[in-house]
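Worksheet for the structure shown next.
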Amino acid sequence: MEEKTTFGKFIVKKRKEKNLTQKELAEQLYVTESAVSKWERGVSYPDISLVSSLCEVLGVSEHELITCSEDFKQRETERQARYFRGIMKTYSVFFYICYAVSLFVCLIVNIILEQQLSWFFIVLTGEMVAFTITSLPNLIKGENKQWIILGSFYISLNLLLLTSCLYTGGDWFFVTAVCLFFGFAFVVFPFLLRDLPLPSPFYQHKTVIYFTIMTIVLCILVMTTMSYSGYGDVMISKGLPVTLVCVLPLWLMMLVIRYLHINSLWKTAICLLISGIFSFCVNSILMMIIHHQSFVLAPINLSVWNDYYLDGNIKIIVFIVLLSLAIAFTIGGISLETKKKSKI
């Protein structure tokens, strides 16, 4: 009974704050004045179907109505949310005006100075890039918001590069487009593969898919830049083999980390060993590919540090350090496995 009385007093208080009579409140809720009177006298509660409407008319939240008390913390949160939405709306309108005014001014100036539209398209595509960063996030809603924004930014950035290339009469757009795609793929593809509903056989091998895609894109990038630089005749015989040699240790370490079912210390040891061997042999392998030389390791003499022995001395020291770390992690892995077995 006390709870009903408290509830009734709360209804009376909020009704009077809204300057409503019992009759006016009843009319807005499509109930009888007698029903409102019973609520306020603590005789009965309103039907559950009326809760939302009653909260709306009295200007309270459902939590406040149920607890018969004002939730000042929630009200402050809602006030701050309204304030933030107001700021964002002002922010958006400000940028819309800036974009419109600057485009209109550049359009007029370009026509007056050159009697045609030329560099105006650079301004237009540049503002498209800025729009995708500053204003588009406030317009897009939904679970795919981030992909729409990223895609729009990527497309607008390519359009900016294309218009700049056409305006300057250059032939570099394709190279920059491939470079831009490689950069985007490197950053975005891990998250894209995570969200894509891949079939079960592929779902377990996302890392391999990512490495495969990035290797292919890297090879395309190398071939494109070599062709643009005038080395198209050797991009197959030298460019691609050098690229594949350089990504080989990354592939090996990825396969070790992803697919070897051993403890993390042993995986680290194997990766260190791969790094040591690669750093020691890579120059000799590259010389075989580029200059068709025999496989010869750099000369080593730790007692002599002139130009002839410097490269070999540095390589052997790096190899020894990495090998020592690999041995230390191997011992740590053995110790870890021993402890696991002793617990069993």
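Read the figures in this text as sums done on the coordinates, not as results from a lab. Since the model is a prediction, treat every value here as computed from it, not as a measurement. So basically every Cβ, Gly included, is an ideal-geometry build from the backbone, and we count neighbours across all protein chains shown.
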Note: the chain, point scatterers on Cα, Debye, no solvent; log10 I/I(0) at q = 0.13 Å⁻¹ equals -1.12
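Select from region 139-235 those trypsin sites (Lys or Arg not before Pro) which occupy a DSSP coil region and have at most 12 other Cβ atoms within 10 Å, ordered by residue number.
Answer by residue number: Lys141.
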Sort Arg82, Arg41 so that the residue with the fewest other Cβ atoms within 10 Å of its own Cβ comes first and the one with the most comes last.
Arg82, Arg41
Placing +1 on the Cβ of each Lys and Arg and -1 on the Cβ of each Asp and Glu in the chain, which of Cys68, Tyr91, Gln146 has its Cα farthest towards the positive end of the resulting dipole?
Cys68
Only Lys, Arg (+1) and Asp, Glu (-1) charged, at Cβ; the chain dipole about Cα centre in debye:
1060 debye
Based on the alpha-carbon gyration tensor of region 2-70 and its eigenvalue square roots a ≥ b ≥ c, which shape applies: rounded if a/c is under 1.5, prolate if not and a/b is larger than b/c, or oblate?
rounded
Dipole check, region 260-344, charges on Cβ (K,R +1; D,E -1), about Cα centroid: among Ile331, Asn306, Ile274 the Cα furthest to the positive pole belongs to Ile331
Pair-distance profile P(r), taking every C-alpha pair of region 183-309, with 5 angstrom steps and integer %:
2, 9, 13, 14, 16, 16, 13, 9, 5, 2, 1, 0
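If you place +1 on the Cβ of every Lys and Arg, -1 on the Cβ of every Asp and Glu, and leave all else neutral, what size is the dipole of region 255-344 about its Cα centre, to the nearest 20 Debye?
Once rounded to the nearest 20, the dipole reads 700 debye.
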If unit charges are put on Cβ atoms (+1 for Lys and Arg, -1 for Asp and Glu) and the dipole of the chain is taken about its Cα centre, the option from Pro197, Ile285, Leu322 lying farthest towards the positive end turns out to be Leu322
Using the count of nearby Cβ atoms within 10 Å as a rough guide to exposure, how do Trp251, Trp39 rank from fewest to most?
Trp251, Trp39
Using the 10 angstrom Cβ neighbour count as an exposure proxy, how do Trp172, Trp266 rank, fewest first?
Trp172, Trp266
Magnitude of the Cβ-charge dipole (Lys and Arg +1, Asp and Glu -1) of region 2-70 about the Cα centre, nearest 20 debye, reported as 280 debye
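Work out, in µm²/s and without decimals, the Stokes-Einstein translational diffusion coefficient of region 260-344 at 10 °C, 1.306 mPa s, Rh from Kirkwood over C-alpha pairs.
Working: Rh = 14.8 Å.
Here the translational diffusion coefficient equals 107 µm²/s.
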Classify region 10-123 as rounded, prolate or oblate from the Cα gyration tensor: take a ≥ b ≥ c as the square roots of its eigenvalues, call it rounded if a/c is under 1.5, otherwise prolate when a/b beats b/c and oblate if not.
prolate
Compute the distance from the alpha-carbon center of region 1-46 to that of region 176-247, in whole Å.
69 Å
